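Have a look at the structure below, then the notes.
The values are calculated or read from the model by the stated rules, or taken from the named source; none is laboratory data. Computed from a prediction, not measured in an experiment: that's the story for all the values here. In this analysis, Cβ positions are derived from the backbone assuming ideal geometry, glycine residues included, and neighbour counts consider all displayed protein chains. Quick note on the areas: whole protein, heavy atoms, side chains included, nothing else; ligands and nucleic acids left out. Shrake-Rupley method; radii C 1.70, N 1.55, O 1.52, S 1.80 Å.
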Amino acid sequence: MISIPLAYWLAYSKSKIKPVIETLVSMPLVLPPTVLGFYLLIAFSPSNSFGQWLDEWLGLQLVFSFEGLVLASVIYSLPFMVHPIQSGLSNLSPSLKEAAYVLGKSRTTTLFKVLLPNIKPSLITGTVLAFAHTIGEFGVVLMIGGNIPGKTKVASITVYDEVESLNYAAANTYSLILFALTFAILLAVYLINGRFTVINE
Amino acid sequence: MIRLQLNKKLHAANGDMVLDIDLDIQQGTFLSLYGKSGAGKTSILRMIAGLLKPDQGVIQVGASTWFDTESKVNLRPQKRKVGMVFQDYALFPNMSVQENLEFALTEKSDNQIIQELIEMVELGDLRQRKPGTLSGGQQQRVALARALVQRPEILLLDEPLSALDQDIRRKLQTYILEVHQNYQLTTILVSHDIPEIVKLTDLVIHLEDGKIIRKGAAADLFSSEQEGILVESKLIGDKMQFVFLVDGRPVKVEVPLDQLPN
């Protein structure tokens, strides 16, 4: 939802601040997750004016809560979603968009009826990678969500916990499930995309 | 009357260039833009369609103004009554031939025109096919039909036939001419194929570096060049037959194959 407009803007804008936005979107790829988590923690902390504002106006407590965890995951997985969509859009011939405009179609109609249907493989790749990446993350979640059982405890952190308490068998179970799950997801992406390319040829 | 007064600084491959043209076109004319690549032909089409904004100028079609820097009018491409056939055809790969045409319909327009167009360009059998599975000539016909669904006043053709081989080219030229006459269009064709221009168009504008250097009827313009121009060549038995246009009249020349210069 957030990524489509953002990727659309990045693919077609000639704005001067585009490189800055591009950098910000890509930062989570390079930045240690703990750094990102740390700053989000500070920003959302109720002792800080922004965090206070959120709490008062929207009733949102983002630190150590499930909502905060979701928001942090969105930011952290943004490049995985935005990059495939952006490159998908840039690879489309610009005349497709122009042809739709000349035929009297609005930007929104063009985006949903012409552009997005023609980058399906990118959309699927983006969605699935972002999802899979969210399953696997650790640092950000630990920083902002904490480790509250039943609320912000995620699978990857559970594995860490079990290993810490020398409970290797349980750790192995969780790890194995994660391993199988990610393998299945990625395999599905490659199979589906392979089929799309065959159809398009 | 269509009035074009366009001025724009363009960044071409071989340096900057100022496109500056001033042209009145009678409605119903089949006009062609001729010139080397980079002379600004495609840019002119894009400005008429509203895909490229002139720095300064006026585009007036009949009584309506599409663009005017003085009074700050700039109609969006969606609002201009043009049909355009792109060099790469720009067919939507996710839609079938039929859907490509239907996509061009406005809500109030009727389905009948689609039927009519499909018959005209003989695409009946290919309705359900996706553009990716069609040949170049077939794709070109779909693009031509699609450009006409909205009954435009001006049809813009950007080197529509350059990627096709001779036989299909000749056939498609006939379609284009037919469409031009049946729908009373003003058609602007970008081409650097002289025989094609002579065959199709009433008026030629010769562009160089963004300026009009010559204009006139196709036959006059090209036959005023020192040699005649080659319109057709074909093999008959062991002879090559060439048809040249000299002073607007065709002249046939036959040369035995073994005497052809390399």
Subtracting the Cα-Cα distance from 0.36 nm times the residue separation, let me have the gained length for B:ASP110 to B:LYS36 in nm, one decimal. 22.5 nm
Rounded to 0.05, the calculated FRET efficiency for the beta carbons of B:GLU208 and A:ILE42 at R₀ = 51 Å is 0.20
When all protein chains stay in place, what accessible area (Å², nearest 10, 1.4 Å probe) is found for B:MET84? 10
Starting from the 7 Å offset along Cα-to-Cβ, what nm value, one decimal, do you get for the label separation of B:SER71 and B:GLN27? 1.8
Total accessible area lost when A and B pair, probe 1.4 Å, Å² to nearest 100: 1600
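Kindly report the accessible area of chain B per residue (heavy atoms of protein chains, probe 1.4 Å, no ligands, DNA or RNA), in Å².
Details: 13030 Å² over 262 residues.
Per residue, chain B has an accessible area of 50 Å².
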When all protein chains stay in place, what accessible area (Å², nearest 10, 1.4 Å probe) is found for B:ARG3? 80
Set the Förster distance to 56 Å, then compute FRET efficiency between A:LYS18 and B:LYS234 from the Cβ-Cβ distance, nearest 0.05. 0.55
Rounded to one decimal in nm, the spacing of the 7 Å Cα→Cβ label points at A:TYR168 and A:LEU31 is 3.8
Quick one: work out the % antiparallel among DSSP beta bridges in the stretch B:1-160, nearest 5. 85
For A:TRP53, B:TRP66, write out the residues from largest to smallest accessible area, computed with a 1.4 angstrom probe and no ligands counted. A:TRP53, B:TRP66
Put a dot 7 Å past each Cα toward the Cβ at A:ILE177 and A:ASN193; how far apart are the dots in nm? 2.8
Kindly report, to the nearest 10 Å², the accessible surface of B:GLU116 as traced by a 1.4 Å probe over protein heavy atoms only. 80
Would you mind computing the Rg to Rh ratio of the stretch B:59-185 from its alpha-carbon coordinates, Kirkwood style for Rh? 0.99
B:ASP110, A:ASP161, reordered so the largest accessible area comes first (probe 1.4 Å): B:ASP110, A:ASP161
